[in-house]
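Here's the structure, in structure tokens; my notes come after.
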Amino acid sequence: MSISFSKVNESLRASSCRWLVTGGAGFIGSHLIEHLLQHDQDVICLDNLSTGYASNLDALQVNLSTSQKERLKVTVGDLADYDVCISAVKNVDYILHQGALGSVPLSIEDPITSHRSNVTGTLNLFAAAKNAGIKRVVYASSSSVYGDETSLPKIEDKTGNLLSPYAATKAISEVYANAFAHSYGMEFIGLRYFNVFGPRQDPDGPYAAVIPIWVKAMLQGKPVFINGDGETTRDFVYVADVVQANLLAASVSSLAEPSRAFNVAIGDQISLNQLFHQIRSALLRIRPDLNIADPVYQDFRSGDVRYSTADFSRVREELGFEPIHSVADGIDLAVQWYSENSG
């Protein structure tokens, strides 16, 4: 039976629990931790800081009280180390597993490292949770598991051939979740994130996501590069709505199946060309001094899916998910943050 997000927040304020957030120093993980601490929860952040940043943990504490800050425990460790996972899950009530190397190009370049992080790390965490008696694990899956399935919108029960090692790691995580659910009487909720964006998303590095890369380039007066003809589409979802999906998944009283996958998206297909113009317009509203040139087009990127948009009726009906932010709303919030924090 689903529950509204407002009811979830009321429940959080009424009772303090202990949460483990893996990848908590990362983009999505830090937003989860921020929300939990703001609602007086005890949180363990586990991160190896390979793609997450201590600065994200500093930034999220700006709007917290002293007592809320004291509820956070940070552990620097690697999910691929089973002993680290055993220690992290002790006395934990809920697990929100975000830790992963989330890059298609990186997985193509170095599939072994992606497997170690995303598969070995996830298996270790699932096994540690089982041994600790934790009954439900919420974990980050990905829209990449749809592969070359061409039908739109994407529905959870219809996937195609995987197009990258990264997609394979996420699909394998779902396979392990199913196996653990049936073997050990546990519950697993896999959240198939589509294209998440928002404040604190890293614009640097060779595998950064498109929105922060473009915003940074525009702020610095540098060219924006689009892979392909710009008609590739994505379903972008603002990070606060991803926080909502995770907490609904942890709180829902019952599931249709012991292992269940859900799309996390807003069901809105936007092309890269449209995205470019939305970001440019949003930036120029707050920084009319900027000179933002038209984009530069380059070759399609290997492993990328051409078109993507989601059917999120399952997550709405079964978890009570209702996205609050449109893409335009989210872009306004994101570019405001990047403008204020660019340096």
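The values are calculated or read from the model by the stated rules, or taken from the named source; none is laboratory data. Here the structure is a predicted model, which is why all the values come from computation and not from measurement. Don't worry about glycine lacking a Cβ; one is built from the backbone with ideal geometry, like all the others, and counts go over all protein chains shown. All accessible areas refer to the heavy atoms of the entire protein, side chains included, with ligands and DNA or RNA removed. Shrake-Rupley method; radii C 1.70, N 1.55, O 1.52, S 1.80 Å.
Using a probe of 1.4 Å on the protein chains alone, the accessible area found for residue 115 is around 80 Å². Rounded to the nearest 20 debye, the dipole magnitude of the range 118-260 is 420 debye, with +1 charges on Lys and Arg beta carbons, -1 on Asp and Glu beta carbons, and the Cα centre as origin. Among 43, 252, 264, the residue with the largest mean-square fluctuation in a Gaussian network model of the chain, with springs joining Cα atoms closer than 10 Å, is 252. Against the chain, whose longest principal axis is taken from its Cα atoms, helix 210-219 shows a tilt of about 50°. Which residues does the label zone of residue 38 cover in the range 51-74, counting backbone N under 12 Å from a point 7 Å along Cα→Cβ? Under cut-off, by backbone N: 60-65. I need the calculated FRET efficiency for the pair residue 284 and residue 74, taking r as the beta carbon distance and R₀ as 41 Å, to the nearest 0.05. Approximately 0.60, to the nearest 0.05. Accessible surface area normalised per residue over the range 211-343 is 43 Å², counting heavy atoms of protein chains with a 1.4 Å rolling probe. With an 8 Å cut-off on Cα pairs and a minimum separation of 6 or more residues, tell me the relative contact order of the range 4-105 in percent. Value for the range 4-105: 35 percent.
The GNM of the chain, with springs linking C-alpha atoms under 10 angstrom apart, assigns the highest mean-square fluctuation among 317, 156, 34 to 317.
Computed from the C-alpha gyration tensor, the three semi-axes of the ellipsoid equivalent to the range 29-102 are 21, 15, 10 Å, from longest to shortest.
Remark on residue 321: its backbone amide H falls under 5 Å from those of 316, a criterion applied only to residues 5 or more positions apart or on other chains, H modelled at 1.01 Å from N. With helices as the sole contributors, the chain gives -12000 deg cm²/dmol at 222 nm; each DSSP H run of n ≥ 4 counts as -39500 (n - 2.57), and the sum is divided by every residue.
How far, in degrees from 0 to 90, does helix 5-14 lean away from the longest principal axis of the Cα atoms of the chain, to the nearest 10? Tilt relative to the chain: about 50 degrees. Label sites at residue 62 and residue 208, each approximated as a point 7 angstrom past Cα along Cα to Cβ, lie 1.8 nm apart.
Label the range 288-343 by shape, choosing from rounded, prolate and oblate, from the square roots a ≥ b ≥ c of the eigenvalues of the Cα gyration tensor; if a/c is under 1.5 it is rounded, and otherwise prolate applies when a/b is larger than b/c, oblate when it is not. In terms of gyration-tensor shape, oblate. Our summary of shape: the Cα atoms of the range 58-203 have principal axis extents of 50, 40, 29 Å, ordered from largest down, in whole angstrom. In the chain, the portion of solvent-accessible area held by carbon and sulfur atoms comes to 49 percent [1.4 Å probe, whole percent, DNA, RNA and ligands not counted]. Across 149, 340, the residue with the most accessible area heads the list, and the full order at a 1.4 Å probe is 340, 149. Spin-label model, residue 339 to residue 149: label points 7 Å out along the Cα-to-beta-carbon direction sit 3.9 nm apart. For the range 144-199, trypsin sites (Lys or Arg not before Pro) are listed when DSSP marks them as loop and at most 16 other Cβ atoms sit within 10 Å of their Cβ; the list is 158. In degrees between 0 and 90, to the nearest 10, how far off the longest principal axis of the chain does helix 327-341 point, with axes built from Cα atoms? Once rounded, the angle reads 80 degrees.
When the scattering of the chain is computed by the Debye formula from its Cα atoms alone, each counted once and equally, what is log10 I(q)/I(0) at q = 0.09, 0.10 Å⁻¹? Result of the Debye calculation: -0.45, -0.57.
Applied to the range 107-113, the Karplus parametrisation 6.51 cos²θ - 1.76 cosθ + 1.60 on θ = phi - 60° returns per-residue 3J(HN,Hα) values of 5, 5, 6, 9, x, 5, 5 Hz, with x for Gly and Pro. Surface calculation, 1.4 Å probe, protein heavy atoms: residue 40 sits at approximately 60 Å² accessible.
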